[in-house]
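Every number here is computed from the coordinates shown, using simple stated rules; none is lab data. Remember, it's a predicted structure, so these values are computed and weren't measured experimentally. All Cβ positions, glycine included, derive from the backbone under ideal geometry; neighbour counts span all protein chains shown.
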Amino acid sequence: MTAKYAFINSEEGNYSIRNMCRWAEVSRAGYYEWLGRPVSATQRWRDELADIIEVLFADSDGTYGYRRIHAELARAGRHCDPQTVRVLMGERGLVACQPRLKGPRTTIPADAADLPDLFNRDFTADEPGLKLVGDITYIPTWQGWVYLATVLDCCTKKVVGYAMADHMRTSLVTDALQMAINNRHIRAGETTFHSDRGTQYMSAEFAEFTRAAGIVRSVGRTGICYDNAWAESFNATLKVERVHRTAYPTRRHAIRDIARYIELRYNQKRLHSALQYRTPNEAEQDWYESNMAA
């Protein structure tokens, strides 16, 4: 550590103290203490806050930007300006993971007959189990693709059902819906399920499955991703935060890791801006507690 401080001191005037401390992974407070200079209370506060931000960023697996870090700080009682968080993250070189280019096509349009779009791009709901959306996405592995079908609740933003397989047959999407049914997230005669016009969702097999479960069907227009924007948004989040940062030797590795991400991170831990920076599980629990109390 002394060698780092000595190097910073030798280069003072050529580079800023702030940048050199960041490059050397030491705190400015520590450097000034070593130098014998007094450190202001404000600087100590900023350094302490930056240390906490680093811990929160690491705990998010490098996925949180400054807004979610700011929300985490507020939840912990550490109130500050969001722009301060943004600056401190920049000083520490903390940059959230970024999206990549798209991969293979997972939606093959099919005839939707007379099925309407009952959502009209409104992916909000006042109660859990009333409005669900679904989609299929892909996970690359060294053995080939794994396909993931999800069922998402518009009220709590929770993944209430999912299924993974090495194919995109209709059973993939019915298995995901069956999980939602098993978890009691379906209200027979009340739940509306929205999807794109992929052949799996337009098949006679899927139509019979939803009819037997008492699920009302809704579909978007062909080629219009905004008509199923919430499902597309989840897929993008999954890819950015997990899939594009992980190498899967086998399909089994991918299936286990994606399930872990959904259950233990996305539903349980990840703060959602549309939920006032709560987790989906917290939003669901809050709704049931407030309605049972009423």
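Against the main long axis of the alpha-carbon atoms of the chain, helix 170-182 sits at an angle near 80°. Around the Cα centre of the chain, unit charges on the Cβ atoms of Lys, Arg, Asp and Glu (plus for the first two, minus for the last two) sum to a dipole of about 640 debye. Annotation for region 172-222: GluC sites (Glu not before Pro) lying in DSSP loop with at most 15 further Cβ atoms inside 10 Å of their Cβ are Glu190. Considering the chain as a Gaussian network with a 10 Å cut-off on Cα pairs, which listed residue, Ser233, Ser218, Ser40, attains the greatest mean-square fluctuation? For the chain, modelled as a Gaussian network with Cα springs under 10 Å, the answer is Ser40. For the chain, the longest principal axis of the C-alpha atoms and the axis of helix 251-260 are separated by about 70°.
Of the labelled figures (1) 127; (2) 144; (3) 162, only one reflects volume of the Cα convex hull per residue in Å³ as derived from the coordinates, namely (3). Rounded to the nearest whole Hz, the Karplus-based 3J(HN,Hα) values (6.51 cos²θ - 1.76 cosθ + 1.60, θ = phi - 60°) of region 3-19 follow the sequence 4, 5, 4, 5, 5, 4, 5, 5, 9, 4, x, 8, 9, 6, 4, 4, 5, with x at glycine and proline. In this structure the amide hydrogen of Asp135, modeled in the peptide plane, comes within under 5 Å of the amide hydrogens of Thr150, none closer than 5 places in sequence on its chain.
Computed over the chain with a Gaussian network model linking Cα atoms closer than 10 Å, the most mobile of Leu115, Leu73, Leu35 is Leu35.
Here is the list for region 57-87: trypsin sites (Lys or Arg not before Pro) lying in DSSP coil, each with at most 15 other C-beta atoms within 10 angstrom of its C-beta, are Arg78. The GNM of the chain, with springs linking C-alpha atoms under 10 angstrom apart, assigns the highest mean-square fluctuation among Gly62, Gly220, Gly13 to Gly13. Measuring nothing but how far apart in sequence close Cα pairs (under 8 Å, 6+ apart) lie, relative to its length, the chain scores a relative contact order of 16 percent. Compute the long axis of helix 41-59 from its Cα atoms, compare it with the longest principal axis of the Cα atoms of the chain, and write down the angle in degrees, 0 to 90, nearest 10. In the chain, helix 41-59 runs at an angle near 30 degrees to the longest axis. Extension gain for Arg265 to Ile52 (0.36 nm times residue separation, less C-alpha to C-alpha distance): 74.7 nm.
Please identify every one of the trypsin sites (Lys or Arg not before Pro) in region 264-294 that sits in a loop by DSSP and has no more than 16 other beta carbons within 10 Å of its own beta carbon.
Answer by residue number: Lys269.
A simple rule links phi to the HN-Hα coupling: the Karplus curve 6.51 cos²θ - 1.76 cosθ + 1.60 with θ = phi - 60°, which for region 135-149 gives 6, 10, 9, 10, 10, x, 9, 5, 8, x, 7, 10, 9, 10, 10 Hz, with x for Gly and Pro.
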